[in-house]
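Participant: Here it is, the structure in full.
The values are calculated or read from the model by the stated rules, or taken from the named source; none is laboratory data. All values reported here derive from a predicted model rather than from experimental measurement. Using ideal geometry, Cβ is built from the backbone for each residue, glycine included, and neighbour counts are taken over all protein chains shown.
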Amino acid sequence: MSSEPNCIFCKIIEGKIPSRKVYEDDDVFAFHDIAPWAPVHFMIVPKRHIASMAQLTPDDAALMGKIMTLAPKLAAEQGCRPYPDGGFRVVVNTGAEGGQEVHHLHVHVMGGPRPWLKG
């Protein structure tokens with residue numbers, strides 16, 4: 001596993017910065033966002049430092065598949081109601097113009113009950 005010494009997410013993965021862990025295995029680490037945009041808001045990050053989605057290669061297909069199939073399972077465990085009445089959103093910001101603030105690939109998972117939404 002590679003890490004970048006100045007990357008905040010690498011430091012969280014290594015336990016040097018505390019986080020509210022959601023999930024961890026050999027490949028990925030998931031933790032709650034410190035500034036949530038929804039009642040449920042966590043991020044899934046690869047343990048190996050990958051700067052952004054733009055740096056993915058075909059060799060990363062299994063890793064990204066794992067992250068995307070883990071997202072609904074963890075969303076449900078964190079309180080998102082099932083589709084179609086409930087649900088969640090998955091967001092991956094890429095690069096400065098894509099709104100990426102931390103340059104370690106991370107997948108936001110957001111959802112949960114929001115009484116102000118109708119439908």
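Participant: Assess whether Lys73 counts as being basic (Lys, Arg) and over 14 Å from Gly111 (Cβ atoms).
Facilitator: For Lys73, the condition - basic (Lys, Arg) and over 14 Å from Gly111 (Cβ atoms) - is not met.
Participant: Related question: Output the qualifying pairs, or none if there are none: Cβ atoms under 7 angstrom, residues six or more apart or on different chains, first residue in the range 55-69 and under 18 Å from His108 (Cα atoms), second residue outside any helix (DSSP H, G or I) and of a type in the set (Asp, Glu).
Facilitator: Correct list of pairs: Leu63/Asp27; Lys66/Asp27.
Participant: If you don't mind, there's one more thing I want to ask. Which of the numbered conditions does Ala71 fail, given that it passes all the others? Conditions: (1) part of a helix (DSSP H, G or I); (2) under 26 Å from Pro5 (Cβ atoms).
Facilitator: (2)
Participant: Right, next: Do we have Tyr23 as surrounded by fewer than 17 Cβ atoms within 10 Å (Cβ to Cβ), out of contact with any strand residue (DSSP E or B) (no Cβ under 6 Å at 6 or more places or on another chain) and among the aromatic types (Phe, Trp, Tyr) here?
Facilitator: Judged against the criteria, Tyr23 is not a match.
Participant: So, in the range 2-41, exactly how many residues are within 20 Å of Met68 (Cβ to Cβ) and either without any contact (Cβ under 8 Å) to a residue 24 or more places away in the chain or touching a Lys or Arg at 6+ places or on another chain (Cβ under 8 Å) (or both)?
Facilitator: Looking only at that region, the number is 12.
Participant: Counting just the residues of the range 60-108 that are hydrophobic (A, V, I, L, M, F, W, C) and in contact with a Cys (Cβ under 8 Å, 6 or more places away or on another chain), which one comes out surrounded by the most Cβ atoms within 10 Å (Cβ to Cβ)?
Facilitator: Phe88
One line per residue, one yes/no per condition, for (1) in contact with a Phe, Trp or Tyr (Cβ under 9 Å, 6 or more places away or on another chain); (2) in a helix (DSSP H, G or I):
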site	(1), (2)
Asp26	no, no
Ala30	yes, no
Pro36	yes, no
Ile50	no, no
Asp60	no, yes
Lys66	no, yes
Ala76	yes, yes
Tyr83	no, no
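Participant: Would you mention how many residues in the range 87-119 are part of a loop (DSSP other than H, G, I, E, B), closer than 21 Å to Pro72 by Cα and modelled with pLDDT of 90 or more?
Facilitator: Qualifying residue count, the range 87-119: 5.
Condition check ((1) touching a helix residue (DSSP H, G or I) at 6+ places or on another chain (Cβ under 7 Å); (2) within 16 Å of His103 (Cβ to Cβ)) across all residues:
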{"residue": "Met1", "(1), (2)": "no, no"}
{"residue": "Pro5", "(1), (2)": "no, yes"}
{"residue": "Lys21", "(1), (2)": "no, no"}
{"residue": "Trp37", "(1), (2)": "no, no"}
{"residue": "Val45", "(1), (2)": "yes, yes"}
